[in-house]
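Have a look at the structure below before the remarks.
What follows is calculated from the coordinates using simple rules that are stated; it is not laboratory data. Keep in mind that this is a model prediction, so the values were computed, not measured. Glycine also receives a Cβ, built like all others from the backbone with ideal geometry; neighbour counts cover every protein chain displayed.
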Amino acid sequence: MSDNQILQGDSLEIMKSMETSSIDCVIVDPPYAGFNLGRGPRQYWASFKPFFDEMVRVAKDPKRICLSQPQGRQEIFKAQMQSPQSVVLRDAFIDKRGRDAFFLLQNPLTSEVADEENWPSDIVPKTIHPNERSINQMAVLVKMMSRPGELVFDPFCGSGAIGVAAVLLGRRHLGIELMEDRADDARARLEAAEQAAKARG
C-alpha cells in the first residue's frame, strides 16, 4: 500500500475521524471563497474555525500549520495562530496569471525562505482544476515546514500541488478533496509524482 493517499469527502468529517497528534505538519491552500461564508473576514473565520480546530488537533506538537489566505483576511488569521511567519509566493498559479499567494507559517522548521524547485512541467499530468498552484513554488512551503519522511497533510487538496511537491521532496502525503472527479485527478498526479521520485532515486 502506498504511503500517500487522497481521500474523497468532507474534510471536516474526515478530520474528526483522525487520531489526535497523528500528522507531522499541515500545509493547506483552502478556498478563498465558497462555504457560504459571508463577505467579511470575521464571517469567514467563524465558518473556517471548526476546520482549523481539527487541523490543530490532528497535528503533532509543536503545531506546524501553514495556510494561505488573501491579504484582506491575514490579520484575523494571524490573531488566531501562534506568531506566524508570512511568506509571499509571487505569481503562484501555474498559468502565470499574475496573482501572488500569501501564506502564514506557524512553527516552521526554519524562518529562512526556501528556494523554489525547477521540476519540468511534464513531471505530473495536467490537472482539471481551474486554479492550479505551481508545484515548484509549493516546494518552498514543504521544505520550510517538514522533513524528509514526514507526513504532510492537506485537507483541501484541490489539484494536489502541495502533495505532489511533498512526494517529490521525499515526504509522505495525505490529502482530502470534496469533489470526486478532482480527487481522482489529484490521485493520478500523486501516483505520477511517486513514480518520478522513484526514478530519481
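Results, tabulated for the structure shown:
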{"quantity": "Simple label model, 7 Å out from Cα along Cβ direction - residue 76 to residue 56, nm", "calculated": "1.6 nm"}
{"quantity": "Candidates 47, 68, 86: whichever shows maximal mean-square fluctuation once the chain is modelled as a Gaussian network with Cα springs under 10 Å", "calculated": "47"}
{"quantity": "The chain: calculated mean residue ellipticity at 222 nm from DSSP helix runs of at least 4, using -39500 (n - 2.57)", "calculated": "-11500 deg cm²/dmol"}
{"quantity": "Trypsin sites (Lys or Arg not before Pro) within the stretch 110-201, DSSP loop, no more than 15 other Cβ atoms inside 10 Å", "calculated": "126"}
{"quantity": "Inter-label distance, nm, simple model (7 Å from Cα along the C-beta direction), residue 96/residue 180", "calculated": "3.8 nm"}
{"quantity": "Listed residue pairs exceeding 20 Å between alpha carbons, taken from 60/198; 96/126; 16/60; 16/78; 63/143", "calculated": "60/198; 16/78"}
{"quantity": "Per-residue HN-Hα couplings for the stretch 172-181 [Karplus 6.51, -1.76, 1.60; θ = phi - 60°; Hz; x = Gly/Pro]", "calculated": "9, 9, 10, x, 10, 9, 5, 8, 4, 5"}
{"quantity": "Average Cα contact separation per residue, the chain, under 8 Å, 6 or more apart, as relative contact order %", "calculated": "26 percent"}
{"quantity": "Cubic angstrom per residue, convex hull over Cα atoms of the stretch 47-201", "calculated": "115 Å³"}
{"quantity": "Residue of 185, 122, 154 that the Gaussian network model of the chain assigns the largest fluctuation, springs spanning Cα pairs under 10 Å", "calculated": "122"}
{"quantity": "Whether the stretch 1-137 is rounded, prolate or oblate, judged on the alpha carbon gyration tensor where a/c under 1.5 counts as rounded", "calculated": "rounded"}
{"quantity": "Antiparallel bridges, percent of DSSP beta bridges restricted to the stretch 1-120 (to nearest 5)", "calculated": "70 percent"}
{"quantity": "Between the stretch 52-79 and the stretch 85-114, the alpha-carbon center distance in angstrom", "calculated": "14 Å"}
{"quantity": "Value of D in µm² per second that Stokes-Einstein yields for the stretch 69-149, Kirkwood Rh from Cα pairs, at 37 °C (0.692 mPa s)", "calculated": "236 µm²/s"}
{"quantity": "Cβ charges +1 (Lys, Arg) and -1 (Asp, Glu), total dipole of the chain, debye", "calculated": "500 debye"}
{"quantity": "Cleavage-rule hits (GluC sites (Glu not before Pro)) in the stretch 1-96: DSSP loop, at most 11 neighbouring Cβ within 10 angstrom", "calculated": "19"}
{"quantity": "Phi to ³J(HN,Hα) by Karplus 6.51 cos²θ - 1.76 cosθ + 1.60 over the stretch 141-151, Hz, x for Gly, Pro", "calculated": "5, 4, 5, 6, 9, 9, 10, x, x, 7, 9"}
{"quantity": "Rg followed by Dmax, in Å, when the stretch 144-201 is reduced to its Cα trace", "calculated": "10.9, 33"}
